[in-house]
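As structure tokens, the structure follows; a few thoughts come after it.
The values are calculated or read from the model by the stated rules, or taken from the named source; none is laboratory data. Keep in mind that this is a model prediction, so the values were computed, not measured. Here the Cβ positions follow ideal geometry from the backbone for every residue, glycine too, while neighbour counts run over all protein chains shown. Ligands, DNA and RNA are stripped out before the accessible areas are found, and what is left, the full protein with its side chains, is counted by its heavy atoms. Shrake-Rupley method; radii C 1.70, N 1.55, O 1.52, S 1.80 Å.
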Amino acid sequence: MTIACFKPQWMDEEIEMLHESALKLFKSWEQHDEKWRESGMLDREAWLEAGEMGFLCASMPEEYGGAGGDFRHETALIYAQAEANMSGFGGSLHSGIVAPYILHHGTEEQKQRWLPKMATGELIGAIAMTEPGTGSDLQNIKTYATKEGDDYIINGSKTFITNGQLGNLIIVACKTTRDEGAKGVSLIVVV
């Protein structure tokens, strides 16, 4: 039990068990390290395995395929990932940022359609905010979206897209009203 020397007060027995299980999985991935470094990314099977083990969307409500936990559960997974030195896995962004955007701002139909697949790893959440020359200063992004009928046409460039190589549910930060600074920024889901 490696975390025992510094067990946080919020880590009860259940969360400690989650941490230990996740640590075991992440350490088992060491066998793939060379292959993943050569390809520049983890493979999709790792995401599916993490989903099968309940390590994706741990704080999402069970009605949407999550484990029904809270942020302590997500934090235990982050601890385990760091302890296993598994820096290439973007599960914390997928589960702690992308999924909550959908949970708190999506329609009921979007939640039912996307969140269960995010919990299993079938959908991998990514976020595209950073731009060449602008960084992550969202007020000054240049990417814009124009509404055409029921769709948006997005124009622009993004870089450093976390989970971008395997992501198949991507939240794109773009301007929908170009002259309103930060108020004109929208998040559009691209699936």
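Only one residue of 185, 169, 96 has its Cα farthest out toward the positive end of the dipole of the chain, where Lys and Arg carry +1 and Asp and Glu -1 on Cβ, and that residue is 185.
For the pair residue 105 and residue 9 in one chain, pulling the backbone fully straight at 0.36 nm per residue adds 31.4 nm over the alpha carbon distance.
Taking the Cα centre of the chain as the origin, how large is its charge dipole in debye, to the nearest 20, when only Lys and Arg (+1) and Asp and Glu (-1) carry charge on their Cβ atoms?
Working: 16 positive and 28 negative charges, 134 e Å.
That gives the chain a dipole magnitude of about 640 debye.
With a Förster radius of 22 Å applied to the beta-carbon distance between residue 45 and residue 87, the computed FRET efficiency rounds to 0.75. Converting the Cα gyration tensor eigenvalues of the range 77-191 into ellipsoid dimensions via √(5λ) gives semi-axes, longest first, of 25, 18, 11 Å.
Any idea of the accessible area per residue across the chain, 1.4 Å probe, to the nearest Å²?
Values: 10490 Å² over 191 residues.
Heavy-atom SASA per residue in the chain reads 55 Å².
So if a site counts as exposed when it's one of the trypsin sites (Lys or Arg not before Pro), its DSSP state isn't H, G, I, E or B, and it has at most 16 other Cβ atoms within 10 Å, what's the longest stretch of the chain without one?
Numbers: sites that count: 142, 178.
Longest stretch, sites excluded: 1-141.
Just to be sure I understand the model, the point goes 7 Å from the Cα along the line to the Cβ. What's the resulting residue 137 to residue 27 distance in nm? Each label point is offset 7 Å from its Cα along the Cβ direction, giving 4.5 nm.
Subtracting the Cα-Cα distance from 0.36 nm times the residue separation, let me have the gained length for residue 34 to residue 166 in nm, one decimal.
Values: separation 132, 0.36 × 132 = 47.52 nm, distance 1.81 nm.
That works out to 45.7 nm of additional length.
Residues within the reach of a label modelled at residue 120 (point 7 angstrom out along Cα to beta-carbon, backbone nitrogen below 20 Å), restricted to the range 32-49, are 43-49.
With r as the distance between the Cβ atoms of residue 113 and residue 155 and R0 = 25 Å, compute the FRET efficiency 1/(1 + (r/R0)^6) and round to 0.05.
On the way: r = 26 Å, r/R0 = 1.04.
Between residue 155 and residue 113 the formula returns 0.45.
Of the chymotrypsin sites (Phe, Trp or Tyr not before Pro) in the range 1-78, which ones lie in a loop per DSSP and count no more than 14 other C-beta atoms within 10 Å? Don't skip to the answer; put the middle values down first.
Details: sites: 6, 10, 26, 29, 36, 47, 55, 64, 71; in loops: 10, 55.
In loop regions of the range 1-78 (DSSP not H, G, I, E or B), the sparsely surrounded chymotrypsin sites (Phe, Trp or Tyr not before Pro) are 10.
Pairs of Lys residues in the chain are counted when their Cα atoms are under 22 angstrom apart and they lie 8 or more places apart or on different chains; the count is 13. Each Lys or Arg adds one and each Asp or Glu takes one away; over the other residues whose Cβ falls under 13 Å from the Cβ of residue 114, this sums to 0. Separation of the range 23-52 from the range 148-182 is 28 Å, based on Cα centroids.
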